[in-house]
Amino acid sequence: MTETEFRALCRAASLALNLADADQLHDCCQVVVDGVDIGLVLDHSDKTQLLHCYVDIGAFDAVRHPDALAELLKLNLYSGSKTHGVFAMDPVSERALLVSHLPLHPGLTGERLAAILRAYAGTATDLRTGLLQQACLPPLASGAAQVAALAALA
């Protein structure tokens with residue numbers, strides 16, 4: 001994907017998300033979707049043509065709440081190879097993240113990318129409620145349902 005094509009994809013996604021600045025996603029590689037910070041980077045050195053997506057779930061103290069960290073690992077188990085993302089902890093910021101690699105293909109339109117980003121934001125919001133407010137994720141059945149929803153978008 002060329003830089004011009006990436007700019008057009010980001011602009012179309014921004015318009016579909018009704019963002020005030022249609023160029024912010026491309027120019028800053030970060031936007032706020034439904035209250036959730038999301039970063040999106042096209043790695044030009046990556047021959048596989050992937051968009052690297054980083055969804056901020058939020059900060060929490062994994063040492064004080066190891067059960068929450070264990071729940072993130074359980075979600076990774078459920079997601080397995082069904083999604084293009086994993087749940088992780090950034091060791092520097094101590095923030096939980098959903099890290100996803102979206103393959104670039106002709107079917108990935110701006111509207112589709114916007115739908116994926118909005119779904120990721122919804123997942124982050126749901127996880128914030130369980131992970132950050134209760135120091136544990138929703139029941140496993142709920143986590144499995146979230147993973148299934150993400151897999152359907154990929």
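The calculated P(r) of the stretch 1-95, using every Cα pair and 10 Å bins from 0, goes 14, 37, 32, 16, 1 in percent. In a fully extended conformation the segment linking residue 86 and residue 21 would gain 20.5 nm over its present Cα-Cα distance, using 0.36 nm per residue. Using R0 = 35 Å, the C-beta based FRET efficiency linking residue 7 and residue 76 works out to 0.60. In a DSSP loop and with at most 13 other Cβ atoms within 10 Å, the trypsin sites (Lys or Arg not before Pro) in the stretch 1-84 are 47, 64, 82.
Spin-label model, residue 115 to residue 64: label points 7 Å out along the Cα-to-beta-carbon direction sit 4.1 nm apart.
No lab work stands behind these numbers, since they all come straight from the coordinates. What you are looking at is a predicted structure, and each value in this text was computed from that prediction instead of being measured. FYI the Cβ positions are ideal-geometry reconstructions off the backbone, even for glycines, and counts take in every protein chain you see.
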